[in-house]
Structure formats: C-alpha cells, structure tokens
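Here is the structure we will look at, set down as structure tokens.
None of the figures in this text is laboratory data; all of them are computed from the coordinates on show. What you see is a predicted model; the values in this text were computed from it and never measured. Note that we place each Cβ from the backbone using ideal geometry, even for glycine, and neighbour counts take in every protein chain shown.
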Amino acid sequence: MSKIKFSEYDVVICGAGPAGLKMACELQNKSSGAYKVLLLDKKKPWQEPVFCAEAVSADRLSEFWPLKEQWIRRKISGIYFTSPSRDRAEFYSKDCGLILNRALFHKDMADTASSMGVEVHFDALCRKVKKTADGDGAWSLEIHSLGETLEVKTQVIIDATGPGSKLSTGVPELAGMEAGDADLESGVFAVVDGVEHSPEHIELFFGSDFPGGYGWLFPRDGGEVNLGFVLGRSTANQGSSRDMLLKFINEYFPTAQIKGIYGGMIACGQSKKMIAKSGFFKIGDAASCVNPISRSGIVEAIQSAAIASASVLEWLESKSATERLEIERVALDNWINSLGSAHLQLANGKKAFSEVTDKQFNRAAKRLSRLPKEKTSLIRIFFAVLFSSPSLIWKLRSFIR
Ligand SMILES: Cc1cc2nc3c(=O)[nH]c(=O)nc-3n(C[C@H](O)[C@H](O)[C@H](O)COP(=O)(O)OP(=O)(O)OC[C@H]3O[C@@H](n4cnc5c(N)ncnc54)[C@H](O)[C@@H]3O)c2cc1C
C-alpha cells in the first residue's frame, strides 16, 4: 500500500467498478498518457464476493474489452424461462452469454490501468467534493486513505461510485444532476451447493413470487450456483429480502446448502437528468445506466465509460467555458443516442410487464414448452407472454412501437 503521490491531478476517478476501471484505461489509451489520472476505490475491486450474478453477453462485452478464458466461469448456451407452475420454455443459442468471475475480471482491468500509467489506490474513500477557493474552476476532493485525511486538486472528477451515489449530493454546482438513484431496486442472492442444474443454462423465474422482478439460477464454478432475485421498487416494504430469498430457496431448491447470502442495490431506471456538469462526470450505476428490465449493468457501465471518456478528453482539451458547457450538455445526448433511449422505452413498459399475472405466465410457458428449443427465439417468448392476454398488448405498446 502506498500514499497518494501528488496534490494535483487532471482527472480523479472515484470508484473502481467496471465503469471506473474502463474510464481509467480509455483516458490513458486515447490520450497516450497525456493526463495525470488518479483512480480511487474504498476497497480492492477484486475483493470476493462481488455482489452480482455476473452474467453478461459475450458479444457485447467483447466490443469493449477483450475476453480472456481465465476470468470466465461458464459459457452459457441456453436459458430456461420458468413460470409459476414450473413449466419451462427453453431458449437455445450457441452464445447466450457468459458468467464472469468479476473479481478476476476487475483485477485484469486494474492491472491494465496501472500498466498504462494510471495511479491507483484501493484503500481510499472519496468523502467530499467542493470547488477550490482559487476561483480557477477546479475541484478539491477530500479523501480518507491509510488512516489520513487529505485533499487533492483536480480539473475533472469522474463519479463511478455505483448506485445511489452520494458524491454530488448537496454540492451547489451539481444541483439537479442524476444521482444514480432512478428506480433503485434491491437484488439479493445466495451462493449455494447441492442443487441439481445444467451448468450450461441459466434459469429465470417469473410470477408473483418475484413481484416487479424475476428470480434466477446462475451456475458458478464446480457445483456452486447463484440463486437470487431482484424485485420492483413498489415491493420494497413487503418484508425482508433475506426472508423472501430463504422462502424461494426452500420452495424451489430444498436440497440447497447455503454458503453465504449477499445483496446490493441496482439503479434500474433511466432519467434525462444531466450526467456532466462543471467538470464533474457520472458514469455507470452512478449515472443510472442499468437496463431497466434485464437489470444488467456491467457492460452498460463499461459502455457508458467508453462514451463519456471522449467527452472528458474533449473537455480537457478545450479552454473555453462555453465550449465546455456544450460538451457537458452533449454528454447526456451521447448516452441517450447509444443505449439511453432504449432504456427510457423499457422503463416506460416496466410497470405493465410487472402486471403480467401468474396465469398469463403459465399459459405462455405451456405454449412455448411445446416448441422445439431451436425454434424458441427470445422474440417468440416475448410475444407468447404478450398474446397470453390481449389486454397486455395495449399496456406494453411502448416496447413494440
Ligand atoms: C445482486 C445483484 C446482481 C447483479 N447481477 C448482474 C448481472 O448478472 N449482470 C449484470 O450485467 N449486472 C448485474 N448487476 C448490476 C451490476 O453489478 C452493476 O450495474 C455494475 O456493477 C455497475 O458498475 P459500476 O462500475 O457503475 O458500479 P459498481 O460496480 O457498483 O462500482 C462502484 C465502485 O465504487 C466504489 N465506491 C463507492 N463509493 C465510494 C467512495 N465514496 N469512495 C471510493 N470508492 C467508492 C465501490 O467500492 C465500488 O467498487 C447486479 C447487481 C446486483 C446488486
């Protein structure tokens, strides 16, 4: 462990999840190391377990980071969609995704950032930001690291601190910014042994046991699986997530031996609030970049960092206040034009999707389970659910427009 080297930086990135790690690498790579970049996290990003089900699309991830066998737990070739009556529809494709070992993936990204010249400290809590007294527009960031409190000065701060980010709260210059709390939902899971499963499949569970969300079984290494669920925000007061998880496991997987229970928040809503202001940029969950329906946020965080890194570099190169304001305004447009507008559409249809009844799921699953798996495309599954109740077509029109 070492102390923070300098009192001034060009860019400080707060948070070393996938968003912060990708941002660090992109800035170094695209500027050929022209800027002094500091990457901070309160803990090592490879600290186990990472609170996540760790599922990603192989194709989407490889657009942004080269895949490496050593951090892939499983390659997935099928998805079971299971209705409340336990009827299963199977979707099969050569690439249904990957289950990552996120700890090793983060380590690989962190080593890459370090080797590119980014200064990294994973024992550093970012506590407070304020504009410096110099009147030069720079930020002062208060950090607690290795038992000491210190301040560093920086032109740009990247907030990659994840869902429900508090770094910009109460800072007058950052009023009205996205706070990573758009439709904050809770996800909870257990790592378990002793469950019969296919290591090449993930299984998703729908119905009133998972109001507003869905349950999952994701295979891990050896015989381990990750069993968990995410619930809609409106169910937040329906009881303890832990108790609901234990009920799910006891009912669906009575032979399971629980090794540990974990949980976290997921920022599942897309907003149109600013994500860049006054040299302060938000990415990943801190900018509410999660897919509102699938609740996937790993590749989305990485993509948001890749997009925002171009704005940050443009901002640093420009010395005009008007130009910088425009770059900040366009940062949101850039995200909306890539994934944000699809997320807005999904967020609109979310309520209607949560109103699909058990009967409708059962009817759709029965219909689909009669089809050979090769013929069960995701779109067919979607429409089978839709046509199990014609009234849903109207409610879900925002999806199919
Ligand atoms: C239970 C659960 C299951 C999930 N499953 C999936 C899945 O299967 N697939 C998928 O794609 N997504 C999944 N997600 C979502 C995914 O985990 C997130 O979208 C993704 O991690 C977002 O990346 P990020 O870098 O924006 O934030 P994070 O990964 O949350 O990283 C933020 C980092 O900031 C650090 N930090 C926070 N505050 C401070 C501070 N003040 N100072 C310094 N450091 C700080 C944290 O320690 C952390 O390392 C799941 C989420 C949960 C909760």
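Gain in length, residue 60 to residue 1, computed as 0.36 nm per residue apart minus the alpha-carbon separation, to one decimal in nm? Display every interim value, and only then the final one.
Values: separation 59, 0.36 × 59 = 21.24 nm, distance 3.46 nm.
In short, 17.8 nm is gained.
In summary, the lysines within cross-link reach of residue 272, defined as a Cα separation below 16 angstrom excluding same-chain residues under 8 places away, comprise 282. Go ahead and set up a Gaussian network model of the chain, Cα springs under 10 Å, then flag whichever of 213, 20, 349 fluctuates most. Of 213, 20, 349, the Gaussian network model singles out 349 as fluctuating most. Based on every Cα atom in segment 131-285, Rg and the maximum pairwise Cα distance Dmax equal 20.6, 64 Å. Taking the three principal axes of the alpha carbon atoms in segment 32-138, the coordinate ranges are 65, 32, 25 Å, sorted in descending order. Taking 221, 243, 108 as the candidate residues, the one with maximal mean-square fluctuation in a Gaussian network model of the chain, Cα springs under 10 Å, is 243. Using a Gaussian network model of the chain in which every pair of alpha carbons under 10 angstrom is joined by a spring, one finds that among 89, 133, 365 the greatest mean-square fluctuation is at 133. Among the cysteines of the chain, those with no neighbouring cysteine Cβ under 4.7 Å are 25, 52, 96, 268, 289.
If you take every DSSP beta bridge fully contained in the chain, what fraction is antiparallel? Give it as a percent rounded to 5. Could the numbers behind the result be given before it?
Details: 52 of 74 bridges.
About 70 percent, rounded to the nearest 5.
Bridgeable aspartates and glutamates around residue 94 (alpha carbons under 15 Å apart, same-chain partners fewer than 8 residues away excluded): 59, 200, 374.
Expressed as a whole number of Å, what is the distance separating the alpha-carbon centroids of segment 69-117 and segment 189-203? Cα centres, segment 189-203 to segment 69-117: 13 Å. Over the chain, the pair-distance histogram of Cα-Cα distances with 20 Å bins from zero comes to 27, 55, 18, 0 percent, rounded to whole numbers.
Go ahead and estimate [θ] at 222 nm for the chain from helices alone: -39,500 (n - 2.57) per DSSP H run with n ≥ 4, summed, over the residue count, rounded to 500.
Working: 11 runs with 128 residues, N = 401.
Computed mean residue ellipticity for the chain: -10000 deg cm²/dmol.
For the residue pairs 131/319; 5/36; 43/107; 22/42; 3/30; 128/166, the C-alpha atoms sit more than 20 angstrom apart in 3/30.
Using only alpha carbons, segment 184-266 has a radius of gyration to Kirkwood radius ratio (Rg to Rh) of 0.95. The long axis of helix 358-369 is offset from the longest Cα principal axis of the chain by roughly 80 degrees. Between the helical axis of 18-31 and the longest alpha-carbon principal axis of the chain there is an angle of about 50 degrees.
Of the listed peptides 72-82, 40-50, 251-261, what is their order by residue-averaged count of other C-beta atoms within 10 Å, with the highest listed first? Can you show the working numbers first?
Working: 72-82: 19.7, 40-50: 17.5, 251-261: 13.5.
Packing order, densest peptide first, comes out as 72-82, 40-50, 251-261.
Summing Lys, Arg as +1 and Asp, Glu as -1, what charge do residues with Cβ under 14 Å from the Cβ of residue 63 carry, residue 63 excluded?
On the way: positive: 22, 60; negative: 26, 59, 95, 300.
That works out to -2.
Would you please put 353-360, 122-129, 135-142 in order of how densely packed they are, using the mean number of other Cβ atoms within 10 angstrom per residue and starting with the highest? Don't skip to the end; give the middle numbers.
Numbers: 353-360: 17.0, 122-129: 18.5, 135-142: 15.0.
Per-residue mean Cβ counts within 10 Å order the peptides as 122-129, 353-360, 135-142.
With the charge dipole of the chain set up from +1 on Lys and Arg Cβ and -1 on Asp and Glu Cβ about the Cα centre, the Cα lying farthest toward the positive end among the listed residues 201, 175, 64 is that of 201.
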